[in-house]
Amino acid sequence: MYKYIIKRLLLLIPIMLAVSFIVFFITDLAPGDVVDIISGTEMSVEDKEKLREEMGLNDPFVIRYFRYMSGLVRGDLGISLVTKKDVFQVYISRLPATLKLATAGTVVALSIAIPLGITAAVHQNSWRDSGSMVLGLLGLSIPTFWLGLLMIIIFSLKLGWFPSIGNEGLISVVLPAITVGSGQAALTMRTTRSSMLEVIRQDYLRTARAKGVSEKVVIRKHALKNALIPILTVAGNQFGIAMGGAVMTETVFAWPGIGRLIIDSINNRDTQMVTGAIILTTMLSSVVILLIDIAYAFVDPRIKARYTK
Amino acid sequence: MKDNDLIINIENLIVHYETEEGTVRAVNGIDLKMKKKRSIGLVGETGAGKTTTALAMLRLIPDPPGVIKNGVIVLNGENILDKSVKEMENIRGKDISMIFQDPMTALNPVFTVGEQIAESIMLHEDVSKKEAYERAKELLEMVGISGNRANEYPHQFSGGMRQRAIIAIALACQPKVLIADEPTTALDVTIQAQVLELINDLMEKHETALLMITHDLGVVAEVCDEVAVMYAGRIVEKGSLEDVFNRTKHPYTEGLFNSLPNIKDRKAKLKPIPGLMPDPTNLPIGCAFSPRCPYANDICREQKPVPRWISSTHMVECSAYDDPSFHIARREK
Amino acid sequence: MDKTNVVTKSSVAASRKYKKNSQLYEIWRNFRKNKGAVLGLTVLSIIIITSIIANFVIDYETQIIRQVVPERLQRPSWKHPFGTDQYGRDILLRILYGSRYSLSVGIVAVMVSLAIGGVMGVIAGYMGGIIENIIMRSCDVFASIPALLLAICITTAFGANTLILMISVGVASVPAFARVARAAVMTVRDNEYIEAARAAGATRMRIMFTHILPNCMAPIMVQTTMRVGSAIITASSLSFLGLGVPPPAPEWGSMLSEGRSFIRDYSYMTMFPGLAIVITVLAINLIGDGLRDAMDPKLKR
Amino acid sequence: MNNKKALALILCICLTFVFLAGCSGSQSTGAGSTSTGSDTNNLETSSEKPVTEIKKGVIVTGKAVDVKEDENTVYQKRITIAPALDFTSMDVQNEAGGTAKSVFFLVFNNLVEYDTMNSKIVSGLAESWEQISDTLWEFKLRQGVKFHDGSDFTAKDVKFTIERGKNQSAAKSKFNTIEEVIIVDDYTVQLKLTAPDNDIIYKLCEANTVMLSSNAFATLPEEEANKIGTGPYKYNEWVQGDYLSLIRFDDYWEGAKKTEEIVIRHIPEASSRLIALQTGEIEICIDPPAVDLHYVAEDKNLVLWQIPSTNIRHIILNLNVEPFNNKLVRQAVAHAINREDLIAIVYEGNATPHYNVMHTISEFYVDVDCPEFNPEKAKALLAEAGYPNGFKTTIYSSSGTVQKAVASVIQAQLKEIGIDVEIQSLETATFNAGVAPGGTYPIAVDGWGGHTIGPDNALRSPFHSDGNINRSNIKDKKVDEMIDAALSTSNYEERAKIYAELQQYLINNCNWIPLAIEQINVGMKAELQGFELPLGLHHHLRNIYIVEK
């Protein structure tokens, strides 16, 4: 088992290097640079050039990239060009909010997707099937910020049940989680449905029924545990995506997440922060996906056998 | 001949599957009686409705599209077709239980064998989880597998061992009736014999009634006291082992025996039954076997044959016997 | 001996029935069984038809982009069934006319990702070995970059016009396509008929594109329909960030994002474009699901 | 039968949406269709809240609650403010962002400060000051002023701040006319200028010219030293992109303030910002959505300030780009613009049309005759210039909602006279890079608020040949001479005459077409006391407090 984990972690390093190169290159490719942002209207043209010189922005791309890499190899992600704060510190300060939202979002997604997916599979091709599919797909089809704004207006302004902004305590994560989760629910639901459809025909369910097990338990316990692996894979991927991708929700709910940090840094052409944040996010989501892979062994003994052999 | 050891009485059972392509008439009115410690062999080609009959006894026919149109299945005095879902759940596994054909897929791969046996016990007797697990170990010993393998997973068992585990599950709560749906077809011959012998011993010990569903006449000869031959959803011949094997009456049963290789006469040509099983969505009028029956006459092709009792135990459903002098080629032994 | 020919006649009839059931007809028959999918198809065809008709019936200059200040921000009324936006333009006409933008963005973007991702996936799946590793690892790298970031960088680098928007949205989902294509090819690659073709001396390219590609069209097709929906959503998110289709084009995503600061008093301004996106994406996804069920043999009842 | 059910299900889903969105909008008793009148405040306030114009153009709807204070009143511990732009950096002599400047005003002091309520310069760390000669100013410093690190404020801090500021990007343009800082004694300092600079006193009360602690820069790393000031509040905690917390500096030289903590919370979405004010999660909301101002106006426990901003919204015509090097074409564009419609659409009527390059708050502002809205004349001019059936061009704007809306309106209005305009709305960095002097953008939507640092900066930066933001690339010797002359003459009337002539000349040149003076809208809780007018984009929030009981 550990040999497998080490191999997967080692594989992460080349991916990190590749990601850092591509992100550094793309952010650098975009027109304008960080001096255009921080100079505002009060700096003369010569001052801007002098500032660019100081920040080494005029050096050719290759030198700047190697300067960045020399820091990266030592684990130093450098400082943000705009706020002069250490990239790693800023990332860590924004990480708890993102993890909280990603987890809550995935929980919401699963709690919508799994029941809907099961009903759709159990009543295949009936109206319940397409009905639950429609409900599930609604989440994917509704633009996030529209749903977010509606949630705020109804549940925090009109009814006052939840705070509309910020990240204090658990109740503040409810509305953003529903907004993020309903978006993710569609994909998880479709995977649940297809993997349940495959499991439903298996003989061991008939054996269970012949033992006198009630239909509900046959589906919830016997069938679901077998169908769990594809669901876990999708949930894992979506957790990774939610880490960096919940920009819309974070903007509408003023949620201090990584998504907005990345988008703001791109707008500010803060290449240090953008590259650093994306590398860390990629690492974190790969670790999460690796944990999910390991979790397979606990769900399906046949997979565990493959590791130990 | 009602006596106290009659456990199950099936009368005029009709089961249809309503699909887009048409109504599949799987079972068209069968009668069957099962008595304590007695085993009946239900024989017939695939698609004759054997499994459907078994599933009907457990009310496990998938409701869309399957429908039990008619008939009665009486289990210790009550018609189980009227039972509620809850009551059926108590019956399954306690009064009637079933073994399936392919052991490789009949066990849940993500639960240990012990857990799957214990589950059956806990469902029907309120015992603690630990106690049930101990009982499961005993059951494994009973079917010839060492108890401490209870915490292993199905993929760690061979085919034969899995079938034994399944038998252990089925007999966990000493059911009155055990239905075995082609339990040995997927196993190779040596294991097949061990499993059949195991079933026989357990039948004796627990005085359970056995319904052995198979298309293998050899298995029937070895295990069953009585035989019922099914064709296109009807029992065409029923009787004791001697009645059916030695005093075969129905042309279809004769066809079955003719398609068996004769060990003594190596050079004998096999005489398979010509044609195909009739399409269950539009069964021929008259006797369902008439298109393939060498003795079929006009009456057979127009009228449904009526069941006729040759002796107190031997029944055959074939209009050819209206003519008393009629007999089939297979001579009585 | 009429018995024997009775038997042969019924079997002949049966086989004729099956010849007609070519694979496409079989898929259609299953597809028709899925209620949602049929509904999706009807809704989508209505939308496509309206977008074609709108092209002739509505005049772009006067009715879509002309600003009429006195008619600003009017609630839905008989004169303007969907109300007017902050420039006084009729929202219903803009939605009807705008359907072409959203649909074309969705379809072209998916074609882009199909072309790049699909081909990469097939090559990776079939070639195996180092080539597969390189392609799949680079897909992992691309997948780890948030799709929106990719789209933003390409859009800002090359300027925000509709074509660039479509390409950047397409490029963002290339990794997903590559993975699906590879998985589909892997399942097909080990079948006997591929060995047979190879044994018959067919070149790698011939095998790849004549034998393998048609057989794994099913999952790729399904992935395509799914992606059209999310492509439209990504395009509307880009408009939210100010990088979408440039005004005054009535693309639903930009109408939505322009109307967002009016959401409290003039919610109809965001609601109708939002609903239009929801219904279109819903229809496309339902069709996608229907296709997947129809094509996936295991899922047939 | 199943099909009907599926259809019914989907219909009911759509209906729930209509209901959800409907009820979110139903509460609107608000503005309905706005009249195109150009009065600055067209909010029909149904509630009986008073509407007062406390200063020229500044309209306050509602009133702060009356409070009685004595020694045992309890003040609310924390006040949360949500500005439109995020706080970006603590680098006080380099950072030019609006929110950052508001924070610097809380954490630091200037030698002299601008009292926005009475619009005059008042004493800051300098108790008194006088102009000894054209190029020599003397400041008497206040005694007993402490920095946050406990060190005393003396003349050497003034010398250190100015000398360091000379090569810091934002502070440089304010200190560049100071040749030398002479320390007379610990609490007296003289500034020797390179040339007469009438605006120096304005420059010294700007956010980037606040006094730093030389002791802090000697002992701490630059990033920490930048945090040390003499102001009423100290930096407490900063989670970038989430909130910045400032806590009270107890031995502030004017006496500790009443509010213990001020939090600047970043809420990027305007609608969410306003809702947070209505739900009470924040105390002050800056720039709520223009269309939702009536929510603040009608809410009895909220107060709305509508303040004319120092920012003039305008469009730039690039003289380096065909056909805008032709003056007739530029004048045609000027005649095509209908400012009333633009304000109705972009600002819901909450802005005032503006016809001059100078801002009304400047003392040298004069009324000029600006090309009036006359499409026919515009077409005639175009024909005369050789473009009878117009031409195609592109208008660039940043991705802000106001800028994009202005671009859309200009596009439509120019279309009326035959000029086909394509819109490119880009993010800030790309826009700034493209529009910088020497850029190639034919038309650009821009805003200029340099008037707070005196009249010279107001005109030099955008119009002098080597002005910092000469984005229309004007290279006019006559204009350069006038700008330099106005700066150096010490005679007030002479200076006024030059500026008047310059304004009329620039307006005729039409390279920089003014459109409107925007409004800074601030919603706040009625309980909030001590709110003051902002100077330009940065707010004066030192004296805000709320009485709890």
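Annotations
- Projecting the alpha carbon convex hull of the stretch C:130-195 along each direction and taking the average yields 5.6 nm².
- Simple rule: put +1 on each Lys or Arg Cβ and -1 on each Asp or Glu Cβ in chain A, find the dipole, and look at A:M189, A:N167, A:L150; the Cα lying farthest toward the positive end is A:M189.
- Using a cut-off of 27 Å between Cα atoms, the listed pairs B:K36/B:K238; C:K79/D:K377; A:K7/A:K100; B:K35/B:K83 include C:K79/D:K377; A:K7/A:K100 as exceeding that distance.
- Between B:T46 and C:F209, the simple spin-label model (points 7 angstrom out along Cα→Cβ) gives 4.2 nm.
- Couplings 3J(HN,Hα) of the stretch D:448-465, computed from phi: 9, x, x, 6, 5, 9, x, x, 4, 4, 4, 9, 5, 4, x, 10, 6, 3 Hz, in residue order, whole Hz [Karplus 6.51 cos²θ - 1.76 cosθ + 1.60, θ = phi - 60°; x for Gly and Pro].
- Once the mean of 1/r is taken over each pair of separate Cα atoms and inverted, the protein assembly as shown shows a Kirkwood hydrodynamic radius of 38.0 Å.
- A:I5-C:I130 FRET efficiency (beta carbon distance; Förster radius 30 Å; 0.05 resolution): 0.80
- Cβ neighbours within 10 Å from other chains - mean over D:270-278: 6
- Here chain D is treated with +1 on each Lys and Arg Cβ and -1 on each Asp and Glu Cβ, and its dipole about the Cα centre works out to around 1180 debye.
- Contact order, relative form, for chain A: 26 percent (alpha carbon pairs under 8 Å, 6 or more residues apart, mean separation divided by residue count).
- Among D:N350, D:G386, D:Y492 the positive-end extreme of the charge dipole of chain D (Cβ point charges): D:G386
- Debye-sum result for the stretch C:209-295 in log10 I(q)/I(0), which assumes one identical scatterer on each alpha carbon, at q = 0.16, 0.23 Å⁻¹: -0.69, -1.02
- Averaged over peptide A:258-271, the number of partner chain Cβ atoms lying within 10 Å of each residue's Cβ comes to 4.
- When peptides D:504-517, C:132-145 are sorted by average Cβ neighbour count within 10 Å, with the highest value leading, the order is D:504-517, C:132-145.
- Residues C:A202 and B:L6, FRET efficiency given R0 of 41 Å [Cβ-Cβ distance, rounded to 0.05]: 0.05
- About the centre of its Cα atoms, the protein assembly as shown shows a dipole size close to 7440 debye [charges on the beta carbon of Lys, Arg (+1) and Asp, Glu (-1) only; nearest 20 debye].
- Each peptide in B:188-200, A:108-120 gets a packing score, the mean of other Cβ atoms within 10 Å over its residues, and the list from highest to lowest is A:108-120, B:188-200.
- Taken over chain C, the alpha-carbon convex hull comes to 190 cubic angstrom per residue.
- Karplus-derived 3J(HN,Hα), 6.51/-1.76/1.60, for each residue of the stretch C:178-188, Hz, glycine and proline x: 4, 5, 5, 4, 4, 4, 4, 5, 4, 5, 6
- DSSP-assigned coil residues among GluC sites (Glu not before Pro) in the stretch D:367-454, each with at most 15 further Cβ atoms within 10 Å: D:E372
- Dividing the Cα radius of gyration of chain B by 2.2 N^0.38 Å, with N the residue count, gives 1.04.
- D (Stokes-Einstein, µm²/s), Kirkwood Cα radius, chain A, 1.567 mPa s at 4 °C: 59
- Calculated FRET efficiency for the pair D:N236/D:N72, C-beta based, R₀ 22 Å, to 0.05: 0.25
- Exercise: per-residue mean of other protein chain Cβ atoms within 10 Å, A:82-95: 3
- Three principal axis extents of the stretch B:12-162 based on alpha-carbon atoms, in descending order, are 49, 32, 31 Å.
- Positive minus negative residues near B:A150 (Lys, Arg vs Asp, Glu; Cβ under 9 Å): 0
- Amide H contacts under 5 Å for D:D115: D:K120, D:I121, D:V122, restricted to partners 5 or more places along the chain or on a different chain, H placed in the peptide plane at 1.01 Å from N.
- The local environment of D:I483, defined by Cβ-Cβ distances under 15 Å, has a net charge of -4 under the rule Lys, Arg +1 and Asp, Glu -1.
- Unit charges on C-beta of K, R, D, E only; dipole of the stretch D:98-224, Debye: 200
- Cα-based equivalent ellipsoid, chain D: semi-axes from gyration tensor eigenvalues, Å: 40, 36, 21
- Quotient of C-alpha Rg and 2.2 N^0.38 Å, computed over the stretch D:176-318: 1.44
- Of B:I263, B:L283, B:M230, farthest towards positive along the dipole that unit charges on Lys, Arg, Asp, Glu beta carbons give the stretch B:228-333: B:I263
- Across chain D, the mean sequence separation of Cα contacts (distance under 8 Å, 6 or more residues apart), normalised by length, yields a relative contact order of 21 percent.
- A 1.4 Å probe run over the stretch D:79-212, with the rest of the protein chains in place, finds 32 Å² accessible per residue.
- Projecting label points 7 angstrom from Cα along Cα→Cβ for C:K79 and C:E195 puts them 7.7 nm apart.
- With the simple spin-label model, which puts each label point 7 Å out from Cα in the Cβ direction, the A:K158 to B:N76 separation comes to 6.0 nm.
- Relative packing of B:275-281, B:233-239, which averages over residues the other C-beta atoms within 10 Å, highest first: B:233-239, B:275-281
- Between chain A and chain C, the total buried accessible area stands at approximately 4000 Å², from heavy atoms with a 1.4 Å probe.
- Computed lengthening from B:D225 to B:N282, 0.36 nm per intervening residue step minus Cα-Cα distance: 17.1 nm
- As computed over the stretch C:77-142, the Cα convex hull volume per residue (Å³): 108
- Here is the list for the stretch B:120-160: GluC sites (Glu not before Pro) lying in DSSP coil, each with at most 16 other C-beta atoms within 10 angstrom of its C-beta, are B:E125, B:E152.
The values are calculated or read from the model by the stated rules, or taken from the named source; none is laboratory data. In this text the structure is predicted, and so the values were computed from the model without any measurement. Counting neighbours? That spans all protein chains shown, and the Cβs are built from the backbone with ideal geometry, glycine included. What goes into the accessible areas is simple: the full protein's heavy atoms, side chains included, and nothing from ligands, DNA or RNA. Shrake-Rupley method; radii C 1.70, N 1.55, O 1.52, S 1.80 Å.
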